[in-house]
Amino acid sequence: MIPDDPLALLQKHVTSESLIEHCVATGAIMRAIAPHLNEDPDLYEVIGILHDIDYEIVSGDMERHGMVGAEMLLQAGLPEEIADAVRRHNHHLFSDHSTPLDLCLQSADSISGLIIACALVKGGAIEEVTIKTVKKKMKDKGFAAGCDRERIRAVEPLMDLDLFIRSAIEGVTQIWMGSHD
Ligand SMILES: [Fe+2]
């Protein structure tokens with residue numbers, strides 16, 4: 001079963017506000033992309049929100065990141081489908097992503113920080129962030145350097161990159177209003 005309040009579950013284990021924002025933004029992007037892949041927006045959003053649930057617990061140990069998160073979610077009664085996506089999103093351990101879910105999570109996880117950084121550069125005015133802004137910043141390797149450009153492109157075999165970027169911006173916009181006015 002998909003949990004009703006994935007954010008509450010996340011907040012039991014994550015305290016960093018920026019990490020929570022990253023997770024919520026990743027969830028919003030997953031929700032926005034799912035219809036383009038004929039997938040379930042609710043399922044995709046929950047996976048996006050929960051994908052880094054173990055981040056503070058493993059404190060940077062990339063050998064355990066995702067593995068621990070998957071166990072935590074199974075313990076909380078979530079289905080293997082969600083736990084497995086969280087386990088597999090760690091690209092240091094898994095590089096054979098091929099399903100729409102795995103590929104979408106790679107891209108959403110990586111572009112969320114870039115879109116947030118673009119909005120912050122514009123003083124929080126996310127409505128000014130366009131496909132052009134994001135593509136320009138993707139080329140600027142020094143900007144939001146932690147956002148892996150190659151991972152952003154993971155979804156490209158499944159959908160047009162411009163459509164992905166546009167939908168991702170729309171997704172982040174949905175959660176941005178209210179938290180940054
Ligand atoms: Fe992440």
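The residue pairs whose first member lies in region 41-54 and is without any contact (Cβ under 8 Å) to a residue 24 or more places away in the chain, whose second member is part of a loop (DSSP other than H, G, I, E, B) and within 11 Å of the ligand (Cβ to nearest atom), and whose beta carbons are closer than 6 Å, counting only pairs six or more residues apart or on different chains, do not exist in this structure.
Restricting attention to region 89-103, which residues are more than 13 Å from the ligand (Cβ to nearest atom) and of a type outside the set (Gly, Ala, Ser)? Across region 89-103, the qualifying residues are 93, 94, 96, 97, 99, 100, 101, 102, 103. Kindly state which helices (runs of 4 or more DSSP H) lie completely within region 95-175 and contain at least 2 residues that are touching a Cys at 6+ places or on another chain (Cβ under 7 Å) and surrounded by 15 or more Cβ atoms within 10 Å (Cβ to Cβ). Fully inside region 95-175 and qualifying: 100-121, 131-139.
Filter region 112-127 for residues that are within 16 Å of the ligand (Cβ to nearest atom) and over 18 Å from residue 55 (Cβ atoms) and give the result. Scanning region 112-127 gives 114, 115, 117.
If you go through region 72-90 and keep only what is out of contact with any Asp or Glu (no Cβ under 8 Å at 6 or more places or on another chain), surrounded by fewer than 20 Cβ atoms within 10 Å (Cβ to Cβ) and on the phi < 0 side of the Ramachandran plot, you end up with 75, 76, 79, 80, 81, 84.
Only the coordinates and a few stated rules stand behind these numbers; no lab work does. The model shown is predicted, which means the values in this text are computed figures rather than measured ones. In this analysis, Cβ positions are derived from the backbone assuming ideal geometry, glycine residues included, and neighbour counts consider all displayed protein chains.
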